[in-house]
1. Among the residues of segment B:91-130, write down those that are within 14 Å of chain A (Cβ to nearest Cβ), farther than 19 Å from A:Phe110 by Cβ, surrounded by 15 or more Cβ atoms within 10 Å (Cβ to Cβ) and touching a strand residue (DSSP E or B) at 6+ places or on another chain (Cβ under 9 Å).
2. Quick one: is A:Met62 away from chain B (no Cβ under 13 Å) and modelled with pLDDT of 95 or more?
3. Name the residue that is nearest to B:Pro138 (Cα to Cα), counting only residues in segment B:18-32 that are within 14 Å of chain A (Cβ to nearest Cβ) and surrounded by 14 or more Cβ atoms within 10 Å (Cβ to Cβ).
4. Taking the conditions exactly as written (aromatic (Phe, Trp, Tyr), under 13 Å from B:Val141 (Cβ atoms) and not in a helix (DSSP H, G or I)), does B:Phe58 satisfy them or not?
5. For B:Glu53, which of the numbered conditions (1) touching a strand residue (DSSP E or B) at 6+ places or on another chain (Cβ under 8 Å); (2) away from every other protein chain (no Cβ under 11 Å); (3) over 17 Å from B:Leu143 (Cβ atoms) fails to hold?
6. Quick one: which helices (runs of 4 or more DSSP H) lie wholly within segment A:1-113 and hold at least 2 residues that are basic (Lys, Arg)?
7. For residues that are of a type in the set (Asp, Glu) and more than 11 Å from chain B (Cβ to nearest Cβ), scanning just segment A:6-36, find the one that is surrounded by the most Cβ atoms within 10 Å (Cβ to Cβ).
8. Any idea which of B:Glu31, B:Glu80, B:Glu53, B:Glu64 is over 13 Å from the mean Cα position of the chain (by Cα) and at pLDDT 90 or above?
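The values are calculated or read from the model by the stated rules, or taken from the named source; none is laboratory data. Please read all numbers here as calculations on a predicted model, not as lab measurements. FYI the Cβ positions are ideal-geometry reconstructions off the backbone, even for glycines, and counts take in every protein chain you see.
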Amino acid sequence: MGKKVLIVDDSNTMRKIVTRALRQAGLDFDEILEAGDGQEALAVLKKEKVDLVLSDINMPNMDGLAFLREKATDADLRGIPVVMITTEAGNDVIGEARSMGAVGSIKKPFTPDQIQETVGNLF
Amino acid sequence: MAEKLDEAMLKSVTETLENLAFMEVFAASKEDPAPSGENMSAALLFLEPFQGEIRSEFSRALLEEISETVCGLSQEGCAESALKDILGEILNTIAGRFLTELLPQTQPFRIGLPEPDPLPHPEPELLRTWHFRSDQHPFTVQLSKLFSFDLLPTDKT
């Protein structure tokens, strides 16, 4: 069965850029789902069987770290891998994301090769 | 310090536009024509480790070209909201890359969310402006001098 990827970002532009990079990276997925913030992402995860989440950190309503925190409290959602896509740098933000369950991170702007390198082995 | 800022800004802008929109960017001079026609702008705050603001102004025509590349939207079909979103994301990415270039690797930073159509800066004489060109379209990026970068030269120096 095809894999589903959820892209979480308040910017429609960035969701399209990530989609484009995923396709150009040649990754094997069937469907891309989108959410505009962490709250929407949680709602999608409760309805759909998602194989991978790519999430921004800096978002209104519920940011990426709060999303990770909430997701970790749900036994059905806890195991879904999340990769953070962000402009935020510094070990503490990424470290905090990893401590809450993120499996990797990609810094903007990124190339399809960087996407492939970070998420390729998650498929 | 000024040179370091120039290098960081040029690298941030070129990498962002090349990777997001596959566009080649060149540094321009302030004597080059400013964005003409209908322009759009956005601003974003630097929050930590220092406070400041970064702004950018693009022509609508350039944003429509970028939109076609990024979103596959035809230039005729570009809603205002889509163009604002594109500019916001460009500015967000430039800001993050700029701070990554400028600060030590282990230095965390935080930036705000991009705001479209900001009010004119209350003290324009405190702005430092960088001029760029992509294809035939000029655009600008500005930093406010609300930094702790005491050596940040403004347009007047």
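1. Looking only at segment B:91-130, we keep the residues that are within 14 Å of chain A (Cβ to nearest Cβ), and these are B:91-116.
So of that shortlist, the ones also farther than 19 Å from A:Phe110 by Cβ come out as B:102-104, B:106-108, B:110, B:112-113, B:115-116.
In the following step, the residues that additionally are surrounded by 15 or more Cβ atoms within 10 Å (Cβ to Cβ) were identified as B:102-103, B:107-108, B:110, B:112, B:115-116.
Passing the criteria: B:Pro108, B:Arg110, B:Gly112, B:Glu115, B:Pro116.
2. Values: away from chain B (no Cβ under 13 Å): yes; modelled with pLDDT of 95 or more: yes.
So A:Met62 passes the test.
3. Filtering segment B:18-32 for residues within 14 Å of chain A (Cβ to nearest Cβ) gives B:18-23, B:25.
Next cut, surrounded by 14 or more Cβ atoms within 10 Å (Cβ to Cβ) only: B:18-21, B:23, B:25.
Working: B:Glu18: 15, B:Asn19: 18, B:Leu20: 17, B:Ala21: 15, B:Met23: 13, B:Val25: 10 Å.
So, considering only residues that are within 14 Å of chain A (Cβ to nearest Cβ) and surrounded by 14 or more Cβ atoms within 10 Å (Cβ to Cβ), the one nearest to B:Pro138 (Cα to Cα) is B:Val25.
4. Working: aromatic (Phe, Trp, Tyr): yes; under 13 Å from B:Val141 (Cβ atoms): yes; not in a helix (DSSP H, G or I): yes.
It is true that B:Phe58 is aromatic (Phe, Trp, Tyr), under 13 Å from B:Val141 (Cβ atoms) and not in a helix (DSSP H, G or I).
5. (3)
6. Working: elements: A:12-24, A:38-47, A:64-72, A:91-99.
In segment A:1-113, the matching helices (runs of 4 or more DSSP H) lie at A:12-24, A:38-47, A:64-72.
7. Quick first cut of segment A:6-36, residues of a type in the set (Asp, Glu) only: A:9-10, A:28, A:30-31, A:34.
Filter once more, keeping what is more than 11 Å from chain B (Cβ to nearest Cβ): A:28, A:30-31, A:34.
Details: A:Asp28: 8, A:Asp30: 10, A:Glu31: 12, A:Glu34: 17.
Among residues in segment A:6-36 that are of a type in the set (Asp, Glu) and more than 11 Å from chain B (Cβ to nearest Cβ), the one surrounded by the most Cβ atoms within 10 Å (Cβ to Cβ) is A:Glu34.
8. Values: B:Glu31 fails: at pLDDT 90 or above; B:Glu80 fails: at pLDDT 90 or above; B:Glu53 fails: over 13 Å from the mean Cα position of the chain (by Cα).
Among B:Glu31, B:Glu80, B:Glu53, B:Glu64, only B:Glu64 is over 13 Å from the mean Cα position of the chain (by Cα) and at pLDDT 90 or above.
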